[in-house]
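Take a look at the structure set out below.
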Amino acid sequence: MASVRVALGDRGYSIKIGRGLLHSAGRELARVARSSRVAVISQRRVWRLWGERLAASLDQAGLMWSAHLVPDGESAKTLGRVRSLYAEMAAVGIDRSSLIAGFGGGAVGDLAGFVAATWLRGVDFAQIPTTLLAQVDASVGGKTGVNLPAGKNLVGAFWQPRVVLIDSGTLATLPARDYRSGLAEVIKYGIILDAQFYDWMKNEREALVAQDSSAVGVAVRRSCELKADVVRADEREAGLRALLNYGHTIGHAVEAAGGYCRTRHGEAVAIGMVLEARLAVMLGLISQAVAEDIRQTVAAFGLPVEVPRLFDADVMVAATGLDKKSKGGRLHCVLPVSIGRAETRAGVTPEMIRRVITESQANAGQR
Ligand code: GLY
């Protein structure tokens, strides 16, 4: 089992990574819990596939647990769902010494974390992510929240877990499309923070695409190490942490234009990374060759790299303006300055965004 520490003083915690870790999840939770009472918030599909294994390990550790199931995916991240979970927490007697665990993909982790952050003004929380995207990104760093009709993640809290338990064996039941979607965030870490890791991914492409367990283990661990370093240095996103938003300004616009159902989050980020690399070329930050390398690498992992022709460019440009990274009317965008290094830059205009989108849609038609 590998362990990565998120060094945040008395709120610090370990990310434990191992194949088959669910078998000892109960013991790991008992180690950090202040009482034996645990509420597990999970998704129906995840619970059907892996619930029995987690339940057995909670029983074995002598924990008194209850399971609270929500629908799969982003549709669970609503204030209405939070409200009904509060009612369930009250009904089963979750008190200040209890622990709430999120068990599933990024959406359930965000939702469970928000419930934990706000129930009784905050109770202990643990993340047990089962998708690659949640294992390498969403479960680490304490961002929790829900969506509003006006936008994604508009209501939330920073609430760090007491432990993150990653069983890479759970990826075996992840649909191939969701696995590839998670790889987009792994590629992102290489581009913005670690050129060596980026090259390693390119070399190990076949093993990673085939879900070779040792390659996946390295990818998950390195991603968690990189994210842990960023969160330690900038927990509240005053600067450095914003770099993790590379690919997300245009990525969110892709998600919005697709009505939040046509593309997976990672697919939208994949397109966003390619187009934001092209913005970096326009601003003279990287060469055309570097942007093309990024496009080819993203494509080699089976991810989309161009905006679908049918997506409405107007909706996309408008969506980038509404993005949380827009400060005082000027769009701040994370752009690569070389492979392994990125910066937040102000000079991107709506016209530039429109140009990369329409050029991308023309490319999409030609390929
Ligand atoms: N997913 C970006 C962050 O945690 O900051």
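The values are calculated or read from the model by the stated rules, or taken from the named source; none is laboratory data. None of the values given here were measured: they were computed from a predicted structure. Quick reminder, even Gly has a Cβ in these numbers, built from the backbone with ideal geometry, and neighbours come from all protein chains shown.
Scan (1) under 27 Å from G73 (Cβ atoms); (2) more than 16 Å from the ligand (Cβ to nearest atom); (3) out of contact with any Pro (no Cβ under 8 Å at 6 or more places or on another chain); (4) outside any loop (DSSP other than H, G, I, E, B) for the single condition S223 breaks and write down its number.
(2)
Report, by residue number, each residue of the stretch 103-144 that is buried (at least 24 other Cβ atoms within 10 Å of the Cβ) and among the hydroxyl-bearing types (S, T, Y).
T130, T131, S139, T144
Out of A253, A270, report the one residue that is away from the ligand (no atom under 11 Å from the Cβ), assigned to a helix (DSSP H, G or I), within 14 Å of the chain's Cα centre (by Cα) and not acidic (D, E).
On the way: A253 fails: within 14 Å of the chain's Cα centre (by Cα).
Residue meeting the stated conditions: A270.
Across the stretch 1-31, what is the number of residues that are surrounded by fewer than 16 Cβ atoms within 10 Å (Cβ to Cβ) and either touching a His at 6+ places or on another chain (Cβ under 8 Å) or closer than 18 Å to L99 by Cα (or both)?
Of the residues in that region, 5 qualify.
Just one of (1) in contact with a Phe, Trp or Tyr (Cβ under 7 Å, 6 or more places away or on another chain); (2) free of Cβ contacts under 8 Å to residues at least 40 places away in the same chain trips up R83, so point out which.
Only one criterion in (1) in contact with a Phe, Trp or Tyr (Cβ under 7 Å, 6 or more places away or on another chain); (2) free of Cβ contacts under 8 Å to residues at least 40 places away in the same chain is unmet by R83, namely (1).
Looking only at the stretch 65-102, filter to residues that are over 19 Å from R264 (Cα atoms) and among the charged types (D, E, K, R); which one of those is surrounded by the most Cβ atoms within 10 Å (Cβ to Cβ)?
That would be R81.
Inspect the stretch 143-164 for any residue being in contact with a Pro (Cβ under 6 Å, 6 or more places away or on another chain) and either in contact (Cβ under 8 Å) with a residue 12 or more places away in the chain or within 22 Å of R5 (Cβ to Cβ) (or both) and give the result as yes or no.
Of all residues in the stretch 143-164, those in contact with a Pro (Cβ under 6 Å, 6 or more places away or on another chain) come to none.
For the stretch 143-164, residues in contact with a Pro (Cβ under 6 Å, 6 or more places away or on another chain) and either in contact (Cβ under 8 Å) with a residue 12 or more places away in the chain or within 22 Å of R5 (Cβ to Cβ) (or both): absent.
Looking at A67, A56 in this structure, which one is among the small types (G, A, S) and part of a helix (DSSP H, G or I)?
Numbers: A67 fails: part of a helix (DSSP H, G or I).
Criteria check complete, one pass: A56.
Contact list please: Cβ distance under 7 Å, first residue in the stretch 225-240 and farther than 18 Å from V334 by Cα and in contact (Cβ under 8 Å) with a residue 60 or more places away in the chain, second residue more than 12 Å from the ligand (Cβ to nearest atom) and outside any loop (DSSP other than H, G, I, E, B), pairs at least six apart or on different chains.
Hits for this filter: E225/V4; A228/V4; A228/R5; A228/I15.
Out of T118, T130, T170, report the one residue that is within 22 Å of L69 (Cβ to Cβ), free of Cβ contacts under 8 Å to residues at least 60 places away in the same chain and β-branched (V, I, T).
T118
Within the stretch 114-145, how many residues turn out to be hydrophobic (A, V, I, L, M, F, W, C) and over 25 Å from A233 (Cα atoms)? Please lay out each step first, then the result.
At the first step, the residues of the stretch 114-145 found to be hydrophobic (A, V, I, L, M, F, W, C) are 114-117, 119-120, 123, 125-126, 128, 132-134, 136, 138, 140.
Next cut, over 25 Å from A233 (Cα atoms) only: 115, 119-120.
Residues that pass the stated criteria total 3.
Could you tell me which of the residues A238, A228, A233 is at pLDDT below 95, within 22 Å of P161 (Cβ to Cβ) and within 16 Å of the ligand (Cβ to nearest atom)?
The unique qualifying residue is A238.
Yes or no: T170 β-branched (V, I, T) and either under 15 Å from the mean Cα position of the chain (by Cα) or within 16 Å of the ligand (Cβ to nearest atom) (or both)?
Judged against the criteria, T170 is not a match.
With the condition kept exactly as written, say whether any residue in the stretch 200-216 is assigned to a helix (DSSP H, G or I), within 16 Å of the ligand (Cβ to nearest atom) and more than 22 Å from F125 (Cβ to Cβ). Give the derivation first.
Going residue by residue through the stretch 200-216, those that are assigned to a helix (DSSP H, G or I) are 200-203, 205-209, 213-216.
Cutting the leftovers down to within 16 Å of the ligand (Cβ to nearest atom) gives us none.
Taking every residue of the stretch 200-216 in turn, none turns out to be assigned to a helix (DSSP H, G or I), within 16 Å of the ligand (Cβ to nearest atom) and more than 22 Å from F125 (Cβ to Cβ).
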